[in-house]
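Visitor: Quick one: the structure is below, questions incoming.
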Amino acid sequence: MKKICVVTGTRAEYGLLYRVMREIEQSERLELQLAVTGMHLSPEFGLTYREIERDGFSIDAKVEMLLSSDTPLGTAKSMSLGVSGFADAFARLAPDAVLVLGDRYEIFAAAQAAYVMGLPVAHIAGGETTEGAVDEGFRHSVTKMSLLHFVSAEPYRTRVIQLGEDPARVFNVGSTGLDYLTRMELPGRDELQRELDFAFGSPLFLVTYHPATLGEPAESFAQLLRALDRFPEASVIFTYPNSDASGRAIIAMIEEHTASRGNCRAFVSLGQRRYLSALKHADLALGNSSSGLTEAPSFRTPTVNVGVRQQGRLRASSVIDVSPDAGAIEAAIARALSPEFRRIAANTQNPYGAGDASAAIVRELEKADFSVIRKKFYDIAWTEA
């Protein structure tokens, strides 16, 4: 049995890892270890490690690293705590490999500790780009520290190889986020209203906005709120942002906005099941979450993607990109709600796979030889223009 230590630090990331963890549990050749960190352990962000435990997973390590700070300095210090904490956890758990997903600073800290300790790293969702966030550098750095790569689309596989990774170790499996959709029965509209204690009007907006850490997140979000004010008839579900720099400023703005409108509700964490149900039943996904690009197209839900945080990622035809300007956002919302665009969304094709990524990842983990972790830089042939 090969011990695979899965690391998760946010509610959204846990949702993307859920099916992978279930597949590891069911494997006769793999043993699941689970290390949680970051927002999962913070009361401010809902202590979402409890949701993981309610789902029946055993947590093998809790790595405290999140400082109560809203600055880049605080993030940098949190990362240093994370490297130290993961080093202790990995020394105790002695995994055969560490499995991480994405591009956040918590994952970068875990990958650093594993790499220095000689533990093979397997990375999900490499090769993507988020040009409006410091996460861009984290993701590509984790790629260079990783032995195996599980990407969500062929252009991302090409980019990982471009970074010097051996094509034999780079697998295009699709997005793990779609696996949940194909295997989980989601609450219907009436059931979701009861669970949230919130009566949905029409239209219904689901708003998820994370700090674009290379821009001006608070002002950009203020522009989004001004645009929402021009749709007073809309019911709005807000979900809290991640624990990035300026995240707490955005939370304060959400709370002030919902207090002034009776048809708005804010949630620290909906959990994956309820979040995806809200995404399914919403008339519009609004903000800058990757879920608007990855999962929303599978529900045929139009997305208005604000700003540059997701710049560089593949898009379905159901996504409208817009600058963080109130007038531009208002116009994009109106277009997304129009009958013409809803017909476009109804016929969109999701570029992120068919919902069978987790099984493919586990098959490769079962076959992998983790006894040899040295890599050579893979050079591609190119000609200078």
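Visitor: Is it the case that the range 276-294 has a residue that's at positive phi and either of a type in the set (F, W, Y) or buried (at least 18 other Cβ atoms within 10 Å of the Cβ) (or both)? Step through it out loud before you land on a result.
Guide: The first filter runs over the range 276-294 and keeps only residues at positive phi, leaving 287.
Narrowing the set further to residues that are either of a type in the set (F, W, Y) or buried (at least 18 other Cβ atoms within 10 Å of the Cβ) (or both) leaves 287.
Taking every residue of the range 276-294 in turn, at least one turns out to be at positive phi and either of a type in the set (F, W, Y) or buried (at least 18 other Cβ atoms within 10 Å of the Cβ) (or both).
Visitor: Then there's this: Count, please, the residues in the range 222-269 that happen to be part of a strand (DSSP E or B) and either of a type outside the set (A, V, I, L, M) or modelled with pLDDT under 95 (or both).
Guide: Quick first cut of the range 222-269, residues part of a strand (DSSP E or B) only: 235-239, 264-267.
Going one step further and asking which of them are either of a type outside the set (A, V, I, L, M) or modelled with pLDDT under 95 (or both), we end up with 235, 238-239, 264-265, 267.
Residues that pass the stated criteria total 6.
Visitor: Looking at the range 165-219 only, could you name the residues that are small (G, A, S) and out of contact with any strand residue (DSSP E or B) (no Cβ under 7 Å at 6 or more places or on another chain)?
Guide: Going residue by residue through the range 165-219, those that are small (G, A, S) are 168, 174-175, 177, 188, 199, 201-202, 212, 215, 218.
Result: A168, G174, S175, G177, G188, A199, S202, A212, G215, A218.
Visitor: Now a separate question. I'd like the full set of residues that are in contact (Cβ under 8 Å) with a residue 60 or more places away in the chain, charged (D, E, K, R) and farther than 27 Å from G177 by Cα, limited to the range 363-385.
Guide: In the first step, residues of the range 363-385 are kept if they are in contact (Cβ under 8 Å) with a residue 60 or more places away in the chain; the result is 364-366, 368, 370, 373, 375-380.
Now drop any that are not charged (D, E, K, R), which leaves 364, 366, 375-376, 379.
Scanning the range 363-385 gives K375, K376, D379.
Visitor: With (1) surrounded by fewer than 16 Cβ atoms within 10 Å (Cβ to Cβ); (2) part of a loop (DSSP other than H, G, I, E, B); (3) free of Cβ contacts under 8 Å to residues at least 60 places away in the same chain as the list, and E340 as the residue in question, which single condition is left unmet?
Guide: Failed condition: (2).
Visitor: Another question, then. Go through (1) in a loop (DSSP other than H, G, I, E, B); (2) within 23 Å of the chain's Cα centre (by Cα) one by one and return the number of the condition D179 breaks.
Guide: (1)
Visitor: May I pose another question? Hey, could you check the range 187-227 for residues that are of a type in the set (G, A, S) and farther than 29 Å from E131 by Cα and say which is surrounded by the fewest Cβ atoms within 10 Å (Cβ to Cβ)?
Guide: Of the residues in the range 187-227, the ones of a type in the set (G, A, S) are 188, 199, 201-202, 212, 215, 218, 220, 222, 227.
Filter once more, so that each one left must be farther than 29 Å from E131 by Cα: 188, 199, 201-202.
Values: G188: 12, A199: 10, G201: 11, S202: 8.
If we take residues in the range 187-227 being of a type in the set (G, A, S) and farther than 29 Å from E131 by Cα, then S202 is surrounded by the fewest Cβ atoms within 10 Å (Cβ to Cβ).
Visitor: Additional query: Which residue is nearest to H123 (Cα to Cα), if the candidates are limited to the range 363-385 and must be hydrophobic (A, V, I, L, M, F, W, C) and crowded, with 16+ Cβ neighbours inside 10 Å?
Guide: We begin by selecting, within the range 363-385, every residue hydrophobic (A, V, I, L, M, F, W, C); these are 365, 368, 370, 372-373, 377, 380-382, 385.
Filter once more, so that each one left must be crowded, with 16+ Cβ neighbours inside 10 Å: 365, 368, 370.
On the way: L365: 11, A368: 13, F370: 14 Å.
Residue satisfying both the conditions and the ranking: L365.
Visitor: State yes or no: is A336 in the same structural domain as F231 (by TED's automatic domain parsing) and not charged (D, E, K, R)? Write out each step before concluding.
Guide: On the way: in the same structural domain as F231 (by TED's automatic domain parsing): yes; not charged (D, E, K, R): yes.
Against the criterion (in the same structural domain as F231 (by TED's automatic domain parsing) and not charged (D, E, K, R)), A336 qualifies.
Visitor: Evaluate the following for L286: is it assigned to a helix (DSSP H, G or I) and modelled with pLDDT of 95 or more? Give the steps one after another, and end with the answer.
Guide: Details: assigned to a helix (DSSP H, G or I): no; modelled with pLDDT of 95 or more: yes.
In short, no.
Visitor: Could you tell me whether T239 is over 19 Å from Q223 (Cβ atoms) and hydroxyl-bearing (S, T, Y)? Don't jump to the end; show me each part of the working.
Guide: Working: over 19 Å from Q223 (Cβ atoms): no; hydroxyl-bearing (S, T, Y): yes.
When the stated conditions are applied, T239 does not pass them.
Visitor: If you don't mind, there's one more thing I want to ask. Could you grab me the full set of residues in the range 23-55 that are assigned to a helix (DSSP H, G or I), surrounded by fewer than 20 Cβ atoms within 10 Å (Cβ to Cβ) and under 18 Å from the mean Cα position of the chain (by Cα)? Break it down stepwise before answering.
Guide: Let us first name the residues in the range 23-55 that are assigned to a helix (DSSP H, G or I), namely 23-26, 38-41, 43-45, 49-54.
Right, trim to surrounded by fewer than 20 Cβ atoms within 10 Å (Cβ to Cβ) and you get 25-26, 41, 43-44, 50-51, 53-54.
L41, E51, listed by residue number.
Visitor: Does A360 qualify as being in contact (Cβ under 8 Å) with a residue 24 or more places away in the chain, surrounded by fewer than 16 Cβ atoms within 10 Å (Cβ to Cβ), more than 21 Å from L119 (Cβ to Cβ) and aliphatic (A, V, I, L, M)? Let's see the steps before the verdict.
Guide: Working: in contact (Cβ under 8 Å) with a residue 24 or more places away in the chain: yes; surrounded by fewer than 16 Cβ atoms within 10 Å (Cβ to Cβ): no; more than 21 Å from L119 (Cβ to Cβ): yes; aliphatic (A, V, I, L, M): yes.
Here the answer is no, as A360 does not meet what is asked.
Visitor: Here is a check on your reading of the model: is R315 in a helix (DSSP H, G or I) and either under 21 Å from E136 (Cα atoms) or charged (D, E, K, R) (or both)?
Guide: Values: in a helix (DSSP H, G or I): no; either under 21 Å from E136 (Cα atoms) or charged (D, E, K, R) (or both): yes.
Here the answer is no, as R315 does not meet what is asked.
Visitor: Moving to a separate point now. Show the residue pairs that are 6+ apart or on different chains and have beta-carbon atoms under 8 Å apart, the first residue being within the range 246-260 and on the phi > 0 side of the Ramachandran plot, the second being in a helix (DSSP H, G or I) and buried (at least 20 other Cβ atoms within 10 Å of the Cβ).
Guide: Cβ pairs passing all conditions: S246/P217.
The values are calculated or read from the model by the stated rules, or taken from the named source; none is laboratory data. Keep in mind the model is a prediction, meaning the values are calculated, not measured. FYI the Cβ positions are ideal-geometry reconstructions off the backbone, even for glycines, and counts take in every protein chain you see.
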